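The values are calculated or read from the model by the stated rules, or taken from the named source; none is laboratory data. Every value quoted in this text rests on a predicted model; they were computed, and no experiment measured them. For neighbour counting, all protein chains shown are included, and Cβ atoms are generated from backbone atoms with ideal geometry for every residue, glycine included.
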Amino acid sequence: MKLTSNAEHWHLDRLIACHAIAALIGASMIWPVTADMWLKISTATFYLLNGSLLWNESWAILWAALNTKTYDILGAVLMFLPTIWYVFSGRDHDLKERIARTSVTWGAVIVVVFISKILLPSIDFHSPTLVLKPAVFLNELVPWIDAKWESKNSFPGDHAVAAFSFVGMVFLLLDRRTAFLTLIFGILYSIPRLFSGAHWLSDELVGGGMALFIALGWMSNLPTLVWSRYVWDWIFLRLLKRE
């Protein structure tokens, strides 16, 4: 399935629907019935994953390393690499069209990260390591690694916001081979914070789910692909004139 027709025309009804779905997903954190469900599931997940850090030293060191700023950068690069591969080795479209589609895909991440980091107010929502007891603290277990183990503003999970929106757009606009590789790297990019306890499972799934539908709303129900083609047509034309 590709969103070629959607990303070439205005679909305000679908844009509104995507935002309505995102709002419903977010409301599940507030409505008492679903909020209680998220708390139980997220708490059980925390004790399972965070508790596993006590299995052995190597396991703890691994997850400490995966919760550093260095891995944040490396994980983001790995997640984006399949789309670079798609641009230069894809076969379903010509080079300029592949660049245009990839640009829209990257644009989705910029939109949702901007919304989550700039437009939304900071939400005072403490991570499980600051709320639940007992908890395993990576900074005590592996003190020589500067690992992220807590947050006072854990919702939404920033890695999940980027990964969900990016992987969703790759599945819809690029090819399946690229999409599955991106999905694997997106999972590896998102889950370390669950082991360290810096995020709840609901931070990842609810925050990421909201980001996914916001990205789909803005990037696939406006003529973003048409705009991207215009930009790259202009760039390629300027490059050809220089030659």
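Worth a mention:
- The single residue among THR45, THR34 that is crowded, with 16+ Cβ neighbours inside 10 Å, at pLDDT 95 or above, part of a helix (DSSP H, G or I) and on the phi < 0 side of the Ramachandran plot turns out to be THR45.
- Residue pairs whose Cβ atoms lie under 6 Å apart, sitting 6 or more positions apart in sequence or on different chains, and linking a residue in the stretch 12-35 that is without any contact (Cβ under 8 Å) to a residue 60 or more places away in the chain to a partner that is of a type in the set (Lys, Arg) and in a loop (DSSP other than H, G, I, E, B), do not occur here.
- If you filter the stretch 64-115 down to residues that are in a loop (DSSP other than H, G, I, E, B) and of a type outside the set (D, E, K, R), you find that the one that is nearest to SER228 (Cα to Cα) is HIS93.
- Residue-level check: of (1) surrounded by fewer than 17 Cβ atoms within 10 Å (Cβ to Cβ); (2) over 19 Å from the mean Cα position of the chain (by Cα); (3) part of a helix (DSSP H, G or I), LEU24 misses just (2).
- Matching entry among ALA215, ALA198, ALA163, ALA179 (being among the hydrophobic types (A, V, I, L, M, F, W, C), part of a helix (DSSP H, G or I) and at pLDDT 90 or above): ALA163
- Subset of the stretch 77-91 [crowded, with 22+ Cβ neighbours inside 10 Å and aliphatic (A, V, I, L, M)]: MET79
- SER89 meets all of the listed conditions (1) more than 21 Å from SER202 (Cβ to Cβ); (2) modelled with pLDDT of 90 or more; (3) among the small types (Gly, Ala, Ser) but one, namely (2).
- Check on LYS133, among the basic types (Lys, Arg) and not in a helix (DSSP H, G or I): yes
- From the options PHE185, PHE195, residue that is crowded, with 24+ Cβ neighbours inside 10 Å, hydrophobic (A, V, I, L, M, F, W, C) and in contact with a Leu (Cβ under 6 Å, 6 or more places away or on another chain): PHE195
- Hey, PRO134 free of Cβ contacts under 8 Å to residues at least 60 places away in the same chain, surrounded by fewer than 19 Cβ atoms within 10 Å (Cβ to Cβ) and not acidic (Asp, Glu) or not: yes
- Of the residues making up the stretch 107-119, at least one is more than 30 Å from PHE236 (Cα to Cα), of a type in the set (Gly, Ala, Ser) and either in contact with a strand residue (DSSP E or B) (Cβ under 8 Å, 6 or more places away or on another chain) or in contact (Cβ under 8 Å) with a residue 24 or more places away in the chain (or both).
- When residues of the stretch 218-239 are limited to those that are aliphatic (A, V, I, L, M) and assigned to a helix (DSSP H, G or I), the one nearest to ILE21 (Cα to Cα): MET219
- Criterion applied to LEU173, LEU120 was being modelled with pLDDT under 90, crowded, with 19+ Cβ neighbours inside 10 Å and of a type outside the set (S, T, N, Q), and the one residue passing it is LEU173.
- Criterion violated by ILE110 - all others in (1) crowded, with 17+ Cβ neighbours inside 10 Å; (2) closer than 23 Å to ALA162 by Cα; (3) of a type in the set (Val, Ile, Thr) satisfied: (1)
- Note on the stretch 154-190: residues that are touching a residue at least 60 places away in the same chain (Cβ under 8 Å), over 21 Å from LEU74 (Cβ atoms) and touching an Asp or Glu at 6+ places or on another chain (Cβ under 9 Å) total 3.
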